[in-house]
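First up is the structure itself, then whatever we jot down about it.
Just so you know, all these numbers are worked out from the coordinates, no wet-lab data involved. Please read all numbers here as calculations on a predicted model, not as lab measurements. Here the Cβ is made from the backbone with ideal geometry for all residues, glycine too, and neighbour counts use every protein chain on show.
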Amino acid sequence: MRHKCADPDHGYFAHSSSGSMAKAFDWYASDGAENRVDIDEDFTSPTGYKITSSVNAVDKLTKYNKEVRMPQMEGLRGGPRIASKAPTDDILSKILINKPKKNAPPKLATTTFIAPSVITLGRRDNKTARSQFLTGFWICPMGTGKSRFMSAAISKSHIAIPRWLVHMNLNNFLDQDTYLLVGQNRAVLKKEAEEYLAGDSGKDSNVRTSTYVYKSPSEKMGVRVGRFFDATLSRVPNRKEALMSWYQCNIKSNILFEEWPSREVVLDRYRQHTAICPDSMDVVKNCDKVMETTKFFGAAVIVKKLMCEGISFPILQTFQKSVPLPTAIRAAKPFLRQIVTRVMNFRIVQSLMTNKAINAALVLASLLYWTASGIKREFFFKFDDAVHRADIKFISKNWVDL
């Protein structure tokens, strides 16, 4: 996960359906020519070892794709040029926080890794300036090959976005990454265990630099982060013992036969987030209330309409005949009938019982139910294989692969 957060190149592809999120990753990437990554390492920081990557926050991959790759592809096809801009780009560009002003010098997109577990991203006027908006990730170790992911968005804006809305967006972001990370995690752990078996545990290992293929000009920071973990992980107490235990239980003839976890196990939103988040649990409970209320309201409106049109209910009539009503209710029936008659004679009630009003009420109830059920779904397991396949189709729509 640390490698992913420090690797802007993956954003345009893994998060290609997320609109502004993919565009934001592009600001942190390097084209290796006009916009190169600058790396600063600080071994004396009071917060610990720190690496800062900075690059001009301008469109790079998206611009190249639009101006070079797509025209080339259309030239090969013999067809007209197509525009790569998504329909929502104009809208999203208007609401992006800290949007650069026209003709202003580009801001610096800075990514900072503070050992051992913090990564922050934000755009600044220069290397020492403060960011108007900062995204923070805490990847906290929970055991060998396991970590807990936490995130926060810090802004100077006076408008507070509801936490549950942020959580919905973050869970979608994690669902696009976590299943791939499971595969990377297993491969890296296997390589690390093999180095222990080869007797290289007494020196700095070379697991990450020998496992990952670093070729992009954006990966300078990823290389530094990999070196840091290669130099330090072997010194973590009990890591070697836990890693070798996993390796011996799951490796046979150099083949990993450990069962591949399902997507639901990798990221069960309810168990891993909703159940331990009061804000999200409150939203789920409120959604349940809205869904129950709208169902009752819709049923009541339909029944009342049928009754006003004189449609009888044989089952109800049979029940009334077979079950004697209490004396007090029988005595009050004429009085209750008069009250109902007077209420129904009110003009406002009659207007509400018209077909147009009833249809509008049913449509409104349906919309509320649909909205509440959609929001509730975001807090339970969602990203199955069908959703994944639909999600990755955005890659080919946004990026031409010659």
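The distance between label points at Val236 and Lys63 comes to 3.9 nm (points 7 Å beyond Cα on the Cα→Cβ vector). Of the chymotrypsin sites (Phe, Trp or Tyr not before Pro) found in region 185-267, those in coil by DSSP whose Cβ has at most 12 other Cβ atoms within 10 Å are Phe257.
Sorting Trp164, Trp370, Trp138 on the 10 Å Cβ count, fewest up front, what's the list? Write out the running numbers ahead of the final one.
Details: Trp164 20, Trp370 12, Trp138 15.
Ascending number of Cβ neighbours within 10 Å: Trp370, Trp138, Trp164.
Here, region 19-58 is characterised by an Rg to Rh ratio of 1.12, where Rg is the alpha-carbon radius of gyration and Rh the Kirkwood radius. Among Tyr64, Tyr369, Tyr49, Tyr12, the order by Cβ neighbours within 10 angstrom, fewest to most, reads Tyr64, Tyr49, Tyr369, Tyr12.
A full extension of the chain between Ala386 and Leu170 corresponds to an added length of 75.8 nm, given 0.36 nm per residue minus the alpha carbon distance. Note on His158 and Lys191: with the Förster distance fixed at 45 Å, the Cβ-Cβ geometry gives a FRET efficiency of about 0.40.
Counting only residues at least eight positions apart within a chain, or on another chain, the aspartates and glutamates with an alpha carbon under 18 Å from that of Lys63 are Asp9, Asp26, Asp31, Glu34, Glu74, Asp89, Asp90, Asp401. I need the shape label for region 173-285. Rule: rounded when a/c is under 1.5, else prolate if a/b > b/c, else oblate, with a, b, c from the alpha carbon gyration tensor. It is prolate, given that a/c is not under 1.5 and a/b is the larger ratio.
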